[in-house]
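Undergrad: The structure follows.
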Amino acid sequence: MDYTIVIHGGAGTILKQDMTPELELDYKSGLDDALEKAGKILENNGSAIDAVKMANIVLENNILFNAGRGSVFSSNGHHEMDAAIMDGKDLSAGAVTCIHGIKNPIELSYKIMVNKQHVFLSGKGALEFAANEGLELEDDQYFFSEFRYKQWKAISDTDVYLIDHSSVNKEESEKKFGTVGAVAVDKHGNIAAATSTGGMTNKKFGRIGDTPIIGAGTYANNATCAISCTGHGEIFMRAVAAYDVSCLMEYKGLSLQDAMHKVVHEKLIALNGEGGMIGVDAKGNYAMLFNSEGMYRGIKNNKGYKEISIYK
Ligand code: ASP
């Protein structure tokens, strides 16, 4: 059987003229690293769930992306991270919200999933669970980046909440989303999805985005598709975006591409919902769609095809 891994590192107003060649290379090599490490798992007969977890870990460890180490600042000057993972084989899922100090939030979601008792843990309870599971912790310094601190400081006295990567002196309309995510189909025909984020700069503390909500930002079902979203979370939640793609496939018989197109280019746009999503189905079809200027994205499969792109 064939395998495919697809990843994203966020969507938004990502314009070539705002990017230096060096930074562009750094982003691309971060995405490449995630594709290679996750691809190796699939190559060696590993599972889709392990591959999407690995891709998220690699991107969480890269300060350029708004997840794990590179998470943005909330309105109270702290980091609050969200993550979710779902296995399309048996619809098992794990999710966390409003956590801090955990090196890899996706790892915590995974532990919740395999523990099976609950699906979604938040705040202190999630941190206690993480401690019991012996997950790796990091101090505030690890999560600090000058760039994101400045981003937050520029608007911390206001009610504005900004999307990641937005340059502080640009208009609010120049939105960039930096969440990371992955979807994969393995050699056994199983699919999985995982998404991780620091959310949005200056978001109210306690705010939960679409990322950790099963069906909104993350969803996987072998019978339909595996989806990971990035964009203005409030809208993706209201659109139940990831599950809507699955529904269009299940109940209307749409292909993955057509279902994703309808959600990204019709339904989200009707709600003014900027962003994008990546998807695969169990047959190995994949799509990377966005209604914004750009989306950090990449795909690799067993046929030797690899593509890493940023702009439209
Ligand atoms: N969807 C994420 C959120 O609303 C943000 C992003 O994709 O960058 O928290």
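Undergrad: Assuming a ≥ b ≥ c are the square roots of the Cα gyration tensor eigenvalues, decide whether segment 5-142 counts as rounded (a/c under 1.5), prolate (otherwise, with a/b larger than b/c) or oblate.
TA: Values: a/c = 2.08, a/b = 1.21, b/c = 1.72.
Since a/c reaches 1.5 but b/c is at least a/b, the shape of segment 5-142 is classed as oblate.
Undergrad: Could you tell me the distance between the Cα centroids of segment 224-249 and segment 105-152, to the nearest Å?
TA: Answer, in whole Å: 23.
Undergrad: May I pose another question? Rounding to the nearest 20 debye, state how big the charge dipole of segment 223-271 is about its Cα centre with +1 on each Lys and Arg Cβ and -1 on each Asp and Glu Cβ. Write out the running numbers ahead of the final one.
TA: On the way: 4 positive and 5 negative charges, 9 e Å.
Value, rounded to 20: 40 debye.
Undergrad: Specify whether the C-alpha gyration tensor of segment 1-81 places it in the rounded, prolate or oblate class, a ≥ b ≥ c being the square roots of the eigenvalues: rounded for a/c under 1.5, otherwise prolate if a/b is larger than b/c and oblate if not.
TA: Oblate is the answer for segment 1-81, as a/c is 1.5 or above yet b/c matches or exceeds a/b.
Undergrad: Expressed in nm², what is the orientationally averaged projection area of the convex hull enclosing the Cα positions of segment 196-306? Show your work: numbers first, answer last.
TA: On the way: hull surface 29.4 nm².
Mean projected area of the Cα convex hull: 7.3 nm².
Undergrad: Where does each of Val240, Val263 land when they are ordered by accessible area, with a 1.4 Å probe and the largest first?
TA: The most accessible residue leads, giving Val240, Val263.
Undergrad: For the chain, with a Gaussian network of springs between Cα atoms less than 10 Å apart, report the residue from Ser246, Ser29, Ser122 with the top mean-square fluctuation.
TA: Ser29
Undergrad: While we're here: Rounded to the nearest 20 Debye, what is the dipole magnitude of the chain about its Cα centre when Lys and Arg each give +1 and Asp and Glu each give -1 at the C-beta?
TA: 440 debye
Undergrad: Loop only by DSSP, 15 or fewer other Cβ within 10 Å of the Cβ. Give me the trypsin sites (Lys or Arg not before Pro) in segment 80-125 that pass, ordered by residue number.
TA: Answer in residue order: Lys116.
Undergrad: What value, in deg cm²/dmol to 500, does the helix sum -39500 (n - 2.57) over DSSP H runs of n ≥ 4 give at 222 nm once divided by the residues of the chain?
TA: -9000 deg cm²/dmol
Undergrad: Rounded to the nearest 10 Å², what accessible area does Asp258 show when all protein chains are kept and the probe is 1.4 Å?
TA: Here the residue's solvent-accessible area equals roughly 90 Å².
Undergrad: In what order, largest first, do Thr13, Thr20 sit by accessible area if the probe radius is 1.4 Å?
TA: From most exposed to least exposed: Thr20, Thr13.
Undergrad: I need the shape label for the chain. Rule: rounded when a/c is under 1.5, else prolate if a/b > b/c, else oblate, with a, b, c from the alpha carbon gyration tensor.
TA: On the way: a/c = 1.41, a/b = 1.21, b/c = 1.17.
Rounded shape, in that the Cα axes give a/c under 1.5.
Undergrad: Post the alpha-carbon centroid distance, segment 259-308 to segment 31-72, in whole angstrom.
TA: So the separation of the two Cα centres works out to 18 Å.
Undergrad: Of Asn221, Asn272, Asn190, which has the largest mean-square fluctuation in a 10 Å C-alpha GNM of the chain?
TA: Asn272
Undergrad: Further question: Counting Lys and Arg as +1 and Asp and Glu as -1, what is the net charge of the other residues whose Cβ lies under 13 Å from the Cβ of Glu133?
TA: -1
Undergrad: Next question, about the same structure. Could you give the nm distance between label points at Lys150 and Lys262, where each point is 7 Å from its Cα heading toward the beta carbon?
TA: For the pair Lys150/Lys262, the computed spacing is 4.5 nm.
Undergrad: Can I ask one more? State the percentage of accessible surface on the chain attributable to carbon and sulfur atoms; use a 1.4 Å probe and exclude ligands, DNA and RNA.
TA: Whole-percent figure for carbon plus sulfur exposure: 51.
Undergrad: Related question: At a probe size of 1.4 Å, how large is the accessible area of Val180, to the nearest 10 Å²?
TA: Probe radius 1.4 Å; accessible area of Val180 about 0 Å².
Undergrad: Going out from 0 in 5 Å bins, what whole percent of all Cα-Cα distances in segment 224-280 drops into each bin?
TA: Reading the bins upward from 0: 4, 23, 36, 23, 11, 1.
The values are calculated or read from the model by the stated rules, or taken from the named source; none is laboratory data. Given the structure is predicted, the values throughout are model-derived calculations rather than measurements. Quick reminder, even Gly has a Cβ in these numbers, built from the backbone with ideal geometry, and neighbours come from all protein chains shown. Accessible surface is based on the protein model in full, side chains and every heavy atom, while ligands, DNA and RNA are left aside. Shrake-Rupley method; radii C 1.70, N 1.55, O 1.52, S 1.80 Å.
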